[in-house]
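Take a look at the structure below.
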Amino acid sequence: MHRRALALSLLIISLLPAAPAFADAPKVFERRLDNGLKILVKPDHRAPILTTQVWYKVGASYEYGGITGVSHILEHMMFKGTQTRGPGEFSRIIAENGGEENAFTGSDYTAYYQNLANDRLEVSFALEADRMRNLALDPAQFAKELEVVKEERRMRTDDDPQSLTYEHFDATAFLASPYGNPVIGWPGDLEQLTAEDLRTWYRLWYAPNNATLVVAGDVDPDQVFALAQQYFGPLKAETVAPPKTRAEPEQLGERRIRVKAPAQEPYLLMGYKTPAIADAAEDWEPFALEVLASVLDGGSSARLTRELVRGSQIAASTGASYSATSRLPGLFLFDGVPAKGHDIPALEQALRAQIERLQQEPVAPAELERIRTQLIAGKIFAKDSVFAQAMELGQLESVGLPWTLADQYVDRLSAVTPEQVQAVARKYLIPDRLTVAVLEPQPLAGNQPPRAPVGLGGHGNVR
């Protein structure tokens, strides 16, 4: 699995302990306040806990040249005080109430969450409503946090050769789409960002009519709506104009780049232009692409690990990933590291052979049934976490998809046929839609390995 999909998966899995599986999904209750704030409540009474999440429809794909990274830095500044609360007070109050809190920025959204006992919902609402419209954005605090983000970029991207390769790969694959910009921002843009840039961005996008409030757990919907009205209802709406996004031009041929950076081993990254649910020509295609990704990389018994890592031993590691729930068209990704005694061309040839096999031979019914069962089980077991339940709703709403799709997802995956998997492989996994990036290792200074990238602890940035 590639880092873009892996980041979100690890985030979900790590936050809350698993609870017993359940078959019947709880009902979702919906309400919209007069100021435009959308509220989704999903009761789950198995444990006396709750998660509250505020999702803003803004992220790196809303940014333009000169201010890339502004969404991520603003996420950091949301913890640095409001007009009535000082820096760090938000986190201190949540900790005193026995909760945990954090945030993450993606290409299509920025989200903030708290996990608390079920009698602490009002604490969360009071704090989130305060910083939705009353952020301090102190210039001195901004200057300090900007240096923190620059160091975060150095550790997560500049000093991590695979992440650096991925950044250059995105910039090559997308000529016009804002997905070509890194979530954390380009170095030159970080150097010129100002507190006033953040203030303008905050005023434009951090408004109740550009947000979705999601609460899941041991709660009563009527009480949630009443508290939301009390704390969020008085906030003023903002005039929010949809972003003017340049459409990605049709790719007219394969693109290839080489990235030279200090590293211990080479790395291969391949991506094919693919649609998402929001823009697919046929509504079944994104679900077939998800199944295709699982055929290739759905665990240790899937084809890439079975045949390239354990079988021919061409790859030390390899994977495939695809996300159907993005705001704009994205990529079907392959990546890998060749095993000792093999090189990048051999690994690429092996991956292309796997693609060609999918294009020429429909997946056998027994294999598809196993993969489909595994994929659907993963979707169902993810609902064992109240955090994951809320996150699914918030993510769908933030990319412009109806939250009701969450209840349809398993049925859509179940309906995928071998012929549909073969059809999307033939249509989308073709050379004219392909971008390839190869990391060519350069000598390490002092023969020391580069610093490891920072994990998902702290305020994160994901794609």
In the range 320-338, what count of residues is obtained for those that are in contact with an Asp or Glu (Cβ under 7 Å, 6 or more places away or on another chain), crowded, with 23+ Cβ neighbours inside 10 Å and closer than 17 Å to Tyr166 by Cα?
-> 2
Count of the range 216-245 residues which are part of a helix (DSSP H, G or I) and surrounded by fewer than 14 Cβ atoms within 10 Å (Cβ to Cβ) | 4
Can you spot a residue in the range 180-189 that is touching a Ser or Thr at 6+ places or on another chain (Cβ under 6 Å), part of a loop (DSSP other than H, G, I, E, B) and of a type in the set (S, T, N, Q)?
-> yes
From Arg32, Arg46, which residue is modelled with pLDDT of 95 or more and over 23 Å from the mean Cα position of the chain (by Cα)?
-> Arg32
Of (1) surrounded by fewer than 19 Cβ atoms within 10 Å (Cβ to Cβ); (2) outside any helix (DSSP H, G or I), Arg306 satisfies all except one. Which?
-> (2)
Residue tally, condition of a type outside the set (A, V, I, L, M), open to solvent by 60 Å² or more (accessible area, probe 1.4 Å) and touching a residue at least 12 places away in the same chain (Cβ under 8 Å), over the range 24-59 | 9
Among the residues of the range 94-106, write down those that are in a loop (DSSP other than H, G, I, E, B) and either open to solvent by 10 Å² or more (accessible area, probe 1.4 Å) or of a type in the set (Lys, Arg) (or both).
-> Asn97, Gly98, Gly99
Take the range 209-238 and flag every residue that is more than 22 Å from the chain's Cα centre (by Cα), in contact (Cβ under 8 Å) with a residue 40 or more places away in the chain and closer than 30 Å to Ala143 by Cβ.
-> Leu235, Lys236
Identify all residues within the range 339-348 that are open to solvent by less than 20 Å² (accessible area, probe 1.4 Å) and of a type outside the set (A, V, I, L, M); write none if there are none.
-> Glu348
When the range 194-208 is examined, which residues are found to be over 20 Å from the mean Cα position of the chain (by Cα), surrounded by 17 or more Cβ atoms within 10 Å (Cβ to Cβ) and not in a helix (DSSP H, G or I)?
-> Ala207
Output yes when any residue across the range 167-183 is surrounded by 20 or more Cβ atoms within 10 Å (Cβ to Cβ) and within 21 Å of Asn102 (Cβ to Cβ), and no when none is.
-> yes
Scanning the range 46-71 residue by residue, those in contact with a strand residue (DSSP E or B) (Cβ under 7 Å, 6 or more places away or on another chain), polar (S, T, N, Q) and closer than 23 Å to Pro242 by Cβ turn out to be Gln53, Ser71
So is Gly65 surrounded by fewer than 23 Cβ atoms within 10 Å (Cβ to Cβ), more than 24 Å from Val224 (Cβ to Cβ), out of contact with any helix residue (DSSP H, G or I) (no Cβ under 9 Å at 6 or more places or on another chain) and not acidic (Asp, Glu) or not?
-> no
Can you tell me which residue among Gln354, Gln395 is among the polar types (S, T, N, Q) and over 20 Å from Pro275 (Cβ atoms)?
-> Gln354
Residue in the range 246-257 that is in contact (Cβ under 8 Å) with a residue 12 or more places away in the chain, of a type outside the set (Asp, Glu), surrounded by 15 or more Cβ atoms within 10 Å (Cβ to Cβ) and within 30 Å of Thr404 (Cβ to Cβ) present | no
Count - residues of the range 60-93 that are part of a helix (DSSP H, G or I), without any contact (Cβ under 8 Å) to a residue 60 or more places away in the chain and polar (S, T, N, Q) = 1
Counting just the residues of the range 258-280 that are open to solvent by less than 20 Å² (accessible area, probe 1.4 Å) and small (Gly, Ala, Ser), which one comes out nearest to the chain's Cα centre (by Cα)?
-> Ala276
How many residues, within the range 369-422, are open to solvent by less than 50 Å² (accessible area, probe 1.4 Å), over 15 Å from the mean Cα position of the chain (by Cα) and either among the hydroxyl-bearing types (Ser, Thr, Tyr) or on the phi > 0 side of the Ramachandran plot (or both)?
-> 3
Which members of the range 349-365 meet the condition of being part of a helix (DSSP H, G or I) and either open to solvent by less than 90 Å² (accessible area, probe 1.4 Å) or under 20 Å from Ser312 (Cβ atoms) (or both)?
-> Gln349, Ala350, Leu351, Arg352, Ala353, Gln354, Ile355, Glu356, Arg357, Leu358, Gln359, Gln360
Of the candidates Asp189, Asp138, the one satisfying the condition of being under 21 Å from Thr84 (Cα atoms), in contact (Cβ under 8 Å) with a residue 12 or more places away in the chain and open to solvent by 10 Å² or more (accessible area, probe 1.4 Å) is Asp138
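The values are calculated or read from the model by the stated rules, or taken from the named source; none is laboratory data. All figures in this text were calculated on a predicted structure; none of them were measured in a lab. Because the Cβ atoms are built from the backbone with ideal geometry, glycine has one as well, and the counts that use them run over all protein chains shown. For accessibility, only protein heavy atoms count, side chains too; no ligands or nucleic acids. Shrake-Rupley method; radii C 1.70, N 1.55, O 1.52, S 1.80 Å.
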